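Below is one structure, written out as structure tokens, with a few remarks after it.
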Amino acid sequence: MEHPWETLLKFEELYNDSQLKIDSIAERVLALGSTPLHTFEDYTSQSQLPIGRNVSSDEAAIALLLECLPQLLSRERKIIQLADAINNVCKTIMMIDFIVEKEKTIWMLSAWLEREI
């Protein structure tokens with residue numbers, strides 16, 4: 001991602017991917033007989049991740065992502081342990097897919113910022 005346009009496209013790709021994952025998780029929650037969160041406010045009020053405010057540069061946005069993504073990886077690995085304990089193969093597979101993508105994203109964004117993981 002060298003040009004501003006490429007950076008913008010990457011942010012859009014990450015946003016769209018997040019929306020798809022949120023939908024997948026909500027469908028899984030419904031399939032298990034529970035009710036998923038419904039509003040952005042619900043999600044942000046329960047989040048333990050830092051929330052970016054007034055982020056106005058690519059570098060700041062990517063730095064925030066690189067602060068949050070490892071925390072999500074940690075949580076997803078814990079979910080795998082819990083899912084394995086109750087033989088919930090679907091949830092395990094979902095989390096493995098999320099982890100693989102997230103590790104690649106961390107590597108790519110770190111390379112973009114020219115810093116080591």
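Bear in mind these aren't lab numbers, they're just calculated from the coordinates by the rules spelled out. What you see is a predicted model, and the numbers here were worked out from it, not measured in a lab. Cβ sites come from the backbone with ideal geometry, for glycine too, and all protein chains shown count toward neighbours.
If you check R28, R77 for being charged (D, E, K, R), surrounded by 12 or more Cβ atoms within 10 Å (Cβ to Cβ) and in contact (Cβ under 8 Å) with a residue 24 or more places away in the chain, only one passes: R28. When the criteria are applied in full, L82 fails the requirement of being touching a residue at least 12 places away in the same chain (Cβ under 8 Å) and surrounded by 12 or more Cβ atoms within 10 Å (Cβ to Cβ).
Okay, residues lined up against (1) of a type in the set (A, V, I, L, M, F, W, C); (2) touching a Leu at 6+ places or on another chain (Cβ under 6 Å):
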site	(1), (2)
R28	no, no
G33	no, no
F40	yes, no
S45	no, no
L64	yes, no
C68	yes, yes
S74	no, no
I79	yes, no
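Read through the list (1) more than 21 Å from L113 (Cα to Cα); (2) assigned to a helix (DSSP H, G or I); (3) in contact with a helix residue (DSSP H, G or I) (Cβ under 7 Å, 6 or more places away or on another chain); (4) not acidic (D, E), then give the number of the only condition that P36 fails. The single condition P36 does not satisfy is (2). Condition check: among the charged types (D, E, K, R), assigned to a helix (DSSP H, G or I) and farther than 30 Å from W112 by Cα. Does D23 satisfy that? It is false that D23 is among the charged types (D, E, K, R), assigned to a helix (DSSP H, G or I) and farther than 30 Å from W112 by Cα.
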